[in-house]
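First the structure, in the form of structure tokens, and then the observations on it.
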Amino acid sequence: MRLALRHVFVLVVCAFAVFPILFVFSAAINPLGTLASTDLLPTGASLGNFADLFTSDRYPFARWFLNSTFIALSSSFASLLLSMFAAYAFSRMRFRGRRVGLLALLLIQMFPQFLAIVTIFMIFTRVTELYPAFGFNTVWGLMLLYLGGALGVNTWLMKGFLDTVPKELDEAATVDGATHAQIFWRVIMPLVTPILAVTALLAFIGTMSEFIMANVFLRDPESKTLAVGMYGMIAGDQRNANFGMFAAATLLTAVPTVGVFLWLQKYIVSGLTAGAVKG
């Protein structure tokens with residue numbers, strides 16, 4: 001009886017998790033393409049909404065897709081690299097201001113980034129006047145903004161992992177004549193693959209789904225990200241008419257995230273199991 005109840009509970013949880021995906025998929029293949037006509041078993045299913053999504057003159061979805069993917073990959077890689085450098089310095093080196101710097105990073109993360117949106121907006125207004133390539137409606141300016149918000153939490157996350165790596169490895173490499181750069185790239189980096197993969201995945205997902213900052217700084221239709229552009233598809237009176245296209249866009253938006261997860265999964269698993277047995 002207890003085993004049967006467990007199976008029932010698992011089936012209910014699975015149905016609860018799968019139902020939203022089925023609903024979105026049904027709306028995406030529904031030829032009527034409206035919210036009112038959405039059904040789990042649509043009549044005359046087709047890929048018309050996907051075709052309309054890429055041929056629409058009003059909604060440049062392909063451009064939004066490229067913008068989001070490029071920004072997410074670039075900012076994730078840059079934040080991962082910079083955070084790793086900072087975490088290595090805080091974990092392995094002793095210098096004046098180290099404790100204050102760590103506490104400052106921790107305290108800054110207690111306040112959400114959008115609390116400073118007015119100040120950031122004023123700063124980028126000036127930046128747009130002086131350096132238009134890094135101002136409003138540019139992917140480079142948005143990437144700089146994302147880097148500033150991700151460095152703190154990523155640094156703390158990596159530092160905690162680096163603290164578990166024995167310092168004797170560094171000392172042994174130093175005795176063999178290795179420099180700090182060689183220790184970092186050849187000794188430390190292979191050992192911290194799991195945290196690198198997890199941090200990169202979290203940074204990618206956070207950047208792909210970020211909306212508030214992108215909505216403020218991106219106004220040109222060609223420079224918008226997926227989150228901002230797709231919001232415009234269902235904002236106001238367009239919510240019912242464009243729901244089919246919106247559902248199709250939602251499914252396509254999940255492709256980069258799933259691809260990055262599948263790519264990083266092997267590094268997570270191999271890193272966690274590398275030290276399970278002695279060779």
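Each Lys and Arg Cβ is given +1 and each Asp and Glu Cβ -1; about its Cα centre, the range 59-276 then shows a dipole of about 300 debye.
Bridgeable aspartates and glutamates around K224 (alpha carbons under 15 Å apart, same-chain partners fewer than 8 residues away excluded): D57, E210. For the range 59-276, the residue among L196, L151, F243 whose Cα projects farthest onto the positive side of the dipole built from Cβ charges is L151. Under the rule of -39500 (n - 2.57) per DSSP H run of 4 or more residues, summed and divided by the residues of the chain, what mean residue ellipticity at 222 nm is obtained, to the nearest 500 deg cm²/dmol? Calculated from helices alone, the mean residue ellipticity at 222 nm is -23000 deg cm²/dmol. Per residue, the average separation of C-alpha pairs within less than 8 Å and at least 6 apart gives the range 1-125 a relative contact order of 11 percent. To the nearest ten degrees, helix 117-130 and the longest principal axis of the Cα atoms of the chain are 80 degrees apart. Can you tell me the relative contact order of the range 59-276? Whole percent, Cα pairs under 8 Å, sequence separation 6 or more. 33 percent.
Between the alpha-carbon centres of the range 147-211 and the range 218-267 there is a gap of 31 Å. For the range 121-139, list residues with backbone N below 19 Å from a point placed 7 Å from the Cα of L82 toward its Cβ? Under 19 Å, as judged by backbone N against the label point of L82, lie 121-128, 131-139 of the range 121-139.
Rounded to two decimals, what ratio of Rg to Rh does the chain give with C-alpha atoms and a Kirkwood Rh?
We get a ratio of 1.06 for the chain.
Just so you know, all these numbers are worked out from the coordinates, no wet-lab data involved. Quantities reported herein were computed from a predicted structural model and do not represent experimental measurements. Every residue, glycine among them, receives a Cβ derived from its backbone with ideal geometry; neighbour counts consider all protein chains shown.
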